[in-house]
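Heads up, the thing below is written out as structure tokens.
We did not get these values from a lab; they are worked out from the coordinates using the rules stated. Remember, predicted model here, so these are calculated numbers, not experimental data. No Cβ is skipped: glycine too gets one built from the backbone with ideal geometry, and neighbour counts run over all protein chains shown.
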Amino acid sequence: MASAIKFVEVQGLSPIIRNMATYSTSLVANAFLYKARQSGVQISHMKLQKMVFFMHAWSLASIGASYVNERPEAWPYGPVFDTLYHELKSFGSRNIDAYLMQMNSETGERQALVPVFSDSAFWGLLEQVWNRYSSFSALQLSALTHEAGGPWDQARQTCAGWLPDEAVRDYYRPQIPHVN
């Protein structure tokens, strides 16, 4: 990743969910790419998809709402955020070596954007997800999202196009530390 890149922090744009900020998959992905770079960890498209999925799942399970403003779809090979897939498909199975660029609505420039660092709840949960899953390979993370009876499995069995938030929340709630 280029060392000259400067992140621009942006506020979440959705006040709909209990005044909680939600972020695009690109912003959440950039937060994980930032964390990966800090940690010296390489991250592929598949691994990044799964990390964003676990951020979605853990936020639903721990606070009842998602920080990710897109629902994962039930694709044949696992849960996928469609927007993120199209942004990253050019990487194939290679490690991602660049941040995702988005239009900064304040400046009109394409920049690498991340959630505001002052959103301590977001960054705290991201840290927990990172600590739990970053050591897993993309294939190991994929296997975790394919568990029998899990939300992806349920969605595939019922031919649902996406993973319902309630199914994700209920499945992951018992797996998260400090959540009853």
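Cut-off is 10 Å between beta-carbons; in what order do T22, T83, T158 appear when sorted fewest neighbours first? If you can, show how the numbers build up before the last one.
On the way: T22 21, T83 14, T158 10.
Ordered from fewest to most neighbouring Cβ atoms within 10 Å, T22, T83, T158 come out as T158, T83, T22.
Can you tell me which of M20, M55, M103 moves the most in a GNM of the chain? Springs connect C-alpha atoms under 10 Å apart.
For the chain, modelled as a Gaussian network with Cα springs under 10 Å, the answer is M103.
Rounded to the nearest whole Å³, what is the per residue volume of the convex hull around the Cα atoms of the stretch 99-145?
On the way: hull volume 5.2 nm³, N = 47.
Roughly 110 Å³ of hull volume per residue.
For the chain, what's the relative contact order in percent, using C-alpha pairs closer than 8 Å and at least 6 residues apart? Please list the in-between numbers first.
Numbers: 261 pairs, mean separation 54.8, N = 180.
About 30 percent, as a whole number.
Hey, what angle do you get for helix 45-63 against the long axis of the chain, alpha-carbon based, 0 to 90 degrees rounded to 10?
Its long axis makes an angle of about 70 degrees.
Pairwise over distinct Cα atoms, reciprocal of the mean inverse distance: report the Kirkwood radius of the chain in Å, one decimal place. Each step should come with its number before you reach the end.
Values: mean 1/r = 0.0606 Å⁻¹.
Radius from the Kirkwood sum: 16.5 Å.
If you average the alpha carbon positions of the stretch 126-179 and of the stretch 63-109, how far apart do those two centres end up, in angstrom?
Measuring centre to centre over Cα atoms gives 17 Å.
Count the net charge of all other residues whose Cβ sits under 14 Å from the Cβ of L141, scoring Lys and Arg as +1 and Asp and Glu as -1.
In short, +2.
What number, in percent, do you get for the relative contact order of the stretch 129-180 if the mean sequence gap of Cα pairs under 8 Å and at least 6 apart is divided by its residue count? Intermediate results must be reported in sequence, preceding the final value.
On the way: 21 pairs, mean separation 10.9, N = 52.
Computed over the stretch 129-180, the figure is 21 percent.
Any idea which of S134, S66, P76 is furthest toward the positive side of the dipole for the stretch 34-180, if Lys and Arg beta-carbons carry +1 and Asp and Glu beta-carbons -1?
Towards the positive end, the residue furthest out is S134.
What nm value, rounded to one decimal, do you get for the distance between R132 and E147 when each label is placed 7 Å out toward the C-beta?
1.0
Can you work out D for the stretch 52-110 in µm² s⁻¹ from Stokes-Einstein, where Rh is the Kirkwood radius over C-alpha pairs, the temperature is 10 °C and the viscosity is 1.306 mPa s? Write down the numbers at each step before the final one.
On the way: Rh = 13.5 Å.
Translational D for this selection: 118 µm²/s.
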